Amino acid sequence: MNRTLLPLVLLSACDRSGDYLVPVETDVLPVLELGELYVLTPEEWEDRSTRESLVTYAEVGAPSPGERGGATFTFLGVDAKVCVVVDPEAVFWNQSVALQGQLESYAWPDNYLDDGDLDMSIGLSANYTGSPGIELGDFEGLYTDSLGHSATIEYDLCEMVGYYSQTPAHAGRATVESCEIDTRGRAGIEYTVVLRTFSLPMDDSILSFATAVYEGACANIDECTLPREAKKPLDPDYDFAGLEQAYCANEMSAYCHDNPYMCGDP
Amino acid sequence: MRSPFLLLASATLCGCSFDENLPEIEIVGTVTVPRAAATRTITDDEGHESEVTDVRFIGPVYLGAFPDVTQGAFRYPHPDMGPILDAAYPGDTYPYGGTSVGRFDFACLESVACQVTTGRFASFEQILEYFNEWADDPVLDPYGEEVTSVRYYEQYCFWYYYATSYDELGFLAVERQEDGTWVPDLDFEENEDGDFVAEFSMPHTLYVEGMKIWGWVDSPSQAYTFSTCDSDRPGPARYDYDMNFEAGGSHQDILNYPSLYIYQGDWIVSEAWQMTSPEDKPEIVLDFAYE
């Protein structure tokens, strides 16, 4: 009896097809060039309605296996510090699982189906190795010393610091990234921003995102700085922009209660 | 029955003969610090000056392997640099490897953070003498009182590090004898010329024929501080009770950007040793006084 049951029990563990791990084929470009983005003035950035009207929204699809996908755009130096922000869809939070002192807002688990991840790097366009819109590159150069030995030089100017103060670092799934670039003395010089696709949403393999460049320091950047980046859910019943809105209003508990399919079981 | 064991032993031994063909070598040699670099004029409480020569005045010695060392870019010999990406910053020297003779270690009390180099002090008495009498920068306990008792300092260190023996205290250069006594085990020894010589080991260094071994000693400033120590690094700091400070440690890019850390008073290699064979045993001399 036991000998019969054991294989059945083992087989039951294999009832997952894994299809959700295979990218969905779409017509959305895997490598996207957005052109030159306008650098918002500090006043335009501070005014929320003006800021949101000047945010650039776009989406990238799944690259072919073995190829790098993502988006690029450029901006011109303004002889001041600028901040580049990118917010991939949709929203991510850690579920609060504490038995005592549980945070009600985070009591429901995150719905990760519409979450993607873009990793940002920024450098002078002269140092960019890719072909905009065709092939994604990086900012690595080669230095050969007097004895003929070569070493890689990293021209990426985007230095993000990790949780444990390590560099380089990138934010994770569906989490906003920002980088401060000092363009003083380089007014009118072109910079390239590379948003490399690290992971795509599992529901449609289309990663929508919002991005903007403004003059000033990167401060108080969070998920709610660039809203409504989750534009195009495969199933119109899934309103990830609404989920983000609830997240920013700290009303997730009520939202998840009313729309349980948007969140997991608490 | 014995065959499996013989096979297993043979297989294990085979693993030890595998040559990974790594282009890295361990360079072993000596470095000589001139007597003048270990000599200071000390003024006692009554204003009398005297000249003291002691290895405690020798800071960490930094050595690296570089493609070339040339004159011109700075007021002292300096390794070749890569491109300068920031006008306010020198180029990276892209060293093949490096090491140091002595490193900063935290001698338990905040007042001596970033000021104690390993391999220089053989006892608590020597630390107290150096700071309290020579440097006129007394060792202070957490309450701001000058530490004059060796016993008190020792017990505080054992408490701070949860230690029970001298060999757990990295800043003490001592060696335990079979009879249980401790004898000094300093990095440097005085040679017949009156200079100070230490052995060094530069492990896992990329070997490129013709590369040069170069370095310098970070001599303590007039205030007995060191430019190569980063006081913002936590080091072995403890953040309990009312202790809230960083214990300090070496900067991480000392060999990549030496010019950021070399100051007047340091001694530098003027003639870098050129490696012509992986078996070379360099004899490095820090003979250039940067004044």
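Quick notes on this structure:
- Cleavage-rule hits, chymotrypsin sites (Phe, Trp or Tyr not before Pro), the range B:132-167, DSSP coil, Cβ neighbours within 10 Å at most 11: B:143, B:162
- The range A:59-109 - Debye-derived log10 I(q)/I(0), Cα point model, q = 0.20, 0.27 Å⁻¹: -0.85, -1.09
- Neighbour cut-off at most 12 other Cβ (10 Å), DSSP loop, GluC sites (Glu not before Pro), the range A:48-150: A:67
- Remark on the range A:88-144: Rg and Dmax equal 19.9, 59 Å (Cα only).
- Taking the range A:93-109 and a reference point 7 angstrom along Cα→Cβ of residue A:257, the backbone N atoms nearer than 14 Å belong to A:104-108.
- Averaged over peptide B:203-210, the number of partner chain Cβ atoms lying within 10 Å of each residue's Cβ comes to 1.
- Within chain A, longest stretch clear of exposed chymotrypsin sites (Phe, Trp or Tyr not before Pro) (DSSP loop, no more than 11 other Cβ within 10 Å): A:1-162
- Along each principal axis, Cα extent of chain B, largest first, Å: 72, 64, 44
- Net charge, residue B:159 excluded, C-beta distance under 14 Å - Lys, Arg +1, Asp, Glu -1: -2
- Helical runs (DSSP H, four residues minimum) scored at -39500 (n - 2.57) apiece and divided by the length of chain A put the mean residue ellipticity at 222 nm at -4000 deg cm²/dmol.
- Test item: Cα-centred dipole of chain B, Lys/Arg +1 and Asp/Glu -1 on Cβ, debye: 1020
- For B:63, A:40, B:140, order by how many other beta-carbon atoms lie within 10 Å, fewest first: B:140, A:40, B:63
- Cross-link reach list, aspartates and glutamates versus residue B:212, counting only Cα pairs under 18 Å and skipping chain neighbours closer than eight places: A:145, B:24, B:26, B:68, B:80, B:92, B:199, B:271, B:279, B:280, B:283, B:287
- Net charge of Cβ neighbours under 11 Å - reference residue B:170; Lys, Arg +1; Asp, Glu -1: -2
- Taking only the alpha carbons of chain A, we obtain Rg and Dmax values of 21.4, 80 Å in that order.
- Farthest positive-ward along chain B dipole, Cα basis, beta-carbon charges - from B:274, B:204, B:64: B:204
- At 0.692 mPa s and 37 °C, Stokes D of the range A:114-163 from Kirkwood alpha-carbon radius, µm² per second: 251
- For the range B:108-218, the mean projected area of the C-alpha convex hull, equal to one quarter of the hull surface, is 10.4 nm².
- For the range B:68-117, the Cβ-based charge dipole about the Cα centre amounts to some 140 debye (Lys, Arg positive; Asp, Glu negative; other atoms uncharged).
- With a Förster radius of 51 Å applied to the beta-carbon distance between residue A:231 and residue B:279, the computed FRET efficiency rounds to 0.20.
- A simple rule links phi to the HN-Hα coupling: the Karplus curve 6.51 cos²θ - 1.76 cosθ + 1.60 with θ = phi - 60°, which for the range A:146-163 gives 5, 9, x, 8, 9, 9, 7, 10, 9, 9, 5, 8, 8, 10, 9, 9, x, 4 Hz, with x for Gly and Pro.
- For residue B:243, the shell of other residues with beta-carbons less than 14 Å away shows a net charge of -4, using +1 for Lys and Arg and -1 for Asp and Glu.
- Applying a DSSP loop filter and a limit of 14 other Cβ atoms within 10 Å to the chymotrypsin sites (Phe, Trp or Tyr not before Pro) in the range B:219-260 leaves B:239, B:241.
- Entry for the protein assembly as shown at q = 0.06, 0.08, 0.11, 0.12 Å⁻¹: log10 I(q)/I(0) = -0.49, -0.82, -1.12, -1.16, Debye formula applied to identical alpha-carbon scatterers, no solvent contribution.
- Per-residue Cβ neighbour rank within 10 angstrom, fewest leading, B:75, A:16, A:68: A:16, B:75, A:68
- Cross-link reach is defined here as a Cα-Cα straight distance under 15 Å, omitting same-chain residues fewer than 8 places apart; for residue A:81 the aspartates and glutamates meeting it are A:43, A:159, A:180, A:182, A:190, A:215.
- Building the convex hull from the alpha-carbon atoms of the range A:21-147 and averaging its projection over directions returns 14.2 nm².
- Pairwise FRET efficiency - residue B:48 versus residue A:20, Cβ, R0 = 60 Å, nearest 0.05: 0.10
- Inter-probe distance in nm under a simple model that places probes 7 Å from Cα toward Cβ, at residue B:39 and residue B:191: 1.7
- Taking the fewest neighbouring Cβ atoms within 10 Å as the starting point, the ordered list for A:114, A:203, B:185, B:19 is B:19, B:185, A:203, A:114.
Each reported figure results from applying straightforward, stated rules to the coordinates on display, with no laboratory input. All figures in this text were calculated on a predicted structure; none of them were measured in a lab. All Cβ positions, glycine included, derive from the backbone under ideal geometry; neighbour counts span all protein chains shown.
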